[in-house]
Amino acid sequence: MPVCALSWPVWLEGREFFIMFRRLYDWVLHWAHTPYGAPALFILAFAESSIFPIPPDVLLLPLCLSKPGKSLKFALVTSIGSVIGGVGGYLIGYGLWSLTSVFFFNYIPGFTQEKFQLVQDLFSQYNFWIVFIAGFSPIPYKIFTIGAGVFKVNFPLFFLASACSRSLRFFLIAGLVYFFGVPIRNFIDKYFNLLTWIFTALLVGGFLLLKLL
């Protein structure tokens, strides 16, 4: 599965970064071949919403393909883990940002001063919808969960946007496997990011059209 572009410390740049990232990717993937796939999926979804660089789709897809009849169950596990993890990210931003900001900017993929300023601007303009779009798209979700806490975004709106968008993303993947089976794998592998960006573009276009009308 595709992953988002990352920004790591200088000592993890170049070849060392790719070796480490590949090992991390393979470690996540190996849980699909163990009896602990579902618990690992929950933990991965939880952690990815705040600190972990590998998206849960990497594990969700092979689990669904190994047991297509349980695909929707796996999607539910992923959604719950991701939403709870997003709440954890929100709480980090809301109450612990002054103590943890240096760590996140230096060591967590996707965090930069520039991106965080952009997130603040987006929150001030779009609030609910930017969380919704970030939750569904390949945008690093952790920036928005922690940013929502830092910028004191209304929590019920944040929770609703997270629950809707993350569930939509994971149930879409699981639903494709559930209804179409193994042949859908190559299609998802090849076009997942493109499909999510197309959906996001259509979503944003619809909002803009409604605004103009």
Of the residues in the range 12-66 that are surrounded by 15 or more Cβ atoms within 10 Å (Cβ to Cβ) and of a type in the set (D, E, K, R), the one that is modelled with the highest pLDDT is Glu48
Margin query: Condition check: closer than 14 Å to Thr145 by Cβ and modelled with pLDDT of 90 or more. Does Val83 satisfy that?
Written below: yes
When Val182 is run through (1) in a loop (DSSP other than H, G, I, E, B); (2) within 14 Å of Leu61 (Cα to Cα); (3) at pLDDT 75 or above, the failure sits at (3)
The number of residues in the range 86-123 that are at pLDDT below 80 and β-branched (Val, Ile, Thr) is 2
Among residues of the range 144-174 being among the β-branched types (Val, Ile, Thr) and within 24 Å of Leu60 (Cα to Cα), the residue modelled with the lowest pLDDT is Ile173
Residue set Gly95, Gly86; condition of a type outside the set (A, V, I, L, M, F, W, C) and under 19 Å from Leu160 (Cβ atoms); output residue Gly86
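The values are calculated or read from the model by the stated rules, or taken from the named source; none is laboratory data. The model shown is predicted, which means the values in this text are computed figures rather than measured ones. Cβ coordinates were reconstructed from backbone atoms using ideal geometry, including for glycine residues, and neighbour counts include every protein chain displayed.
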